[in-house]
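> Take this structure, written in structure tokens, and hold onto it; I'll ask about it next.
What follows is calculated from the coordinates using simple rules that are stated; it is not laboratory data. Note that this is a predicted model, so its numbers are computed, not measured. Using ideal geometry, Cβ is built from the backbone for each residue, glycine included, and neighbour counts are taken over all protein chains shown.
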Amino acid sequence: MRNSVSRTRRRNRLSPWLFLAMGLCFVAGSAWAAMARLNYRKDSVRVQGMVVEMVAHRGFLHPVVQYAGRDGTTRTLTGTNELRPVGFERGQIVSVLYVPNDPQADANAVIDTLAQAWGVPLTLAGLGAGWLAAAGLLAWLARPRSWLG
């Protein structure tokens, strides 16, 4: 009996540290993704595009946007996941960011909205905040209580 109690206490002391490590990893990933997005914005140009259709894939809708590059060629971009209610509709004019000299310009282009451009960093930051809050709660719950006797 005594051995199982000490194992439980040891596990309870370890849990907040594991949650803290996970939270810090998510926050670091968020910072990395945000820096990558800022560097992309610095190198990219903004053009206007039009939503030509909404494609359903695995329960999500993806906006398909056609835009003209600076060289005049028509390019196509498929946006990231869009939950319902959809923020885009056919015929809507949107801002598109792309890097003209990038050979993968179509694959790397992004619709310039909060969800499309900043979705990954914001999601990682939210997950990190959740893990850090859980670590704080577990640390608070595992603290010694002198009033218990």
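> May I ask you to derive the FRET efficiency for residue 15 and residue 120 from their Cβ-Cβ distance with R0 = 41 Å, giving the value to the nearest 0.05?
So the FRET efficiency works out to roughly 0.90.
> Sticking with this one: Show me the ranking of peptides 113-125, 52-64 by mean Cβ neighbours inside 10 Å, starting with the highest. Walk me through the intermediate numbers first.
Values: 113-125: 16.5, 52-64: 13.5.
Peptide ranking by packing, descending: 113-125, 52-64.
> What does the net charge come to around residue 44 if you take all other residues with beta carbon closer than 12 Å to its beta carbon, with K and R at +1 and D and E at -1?
Its environment carries a net charge of +2.
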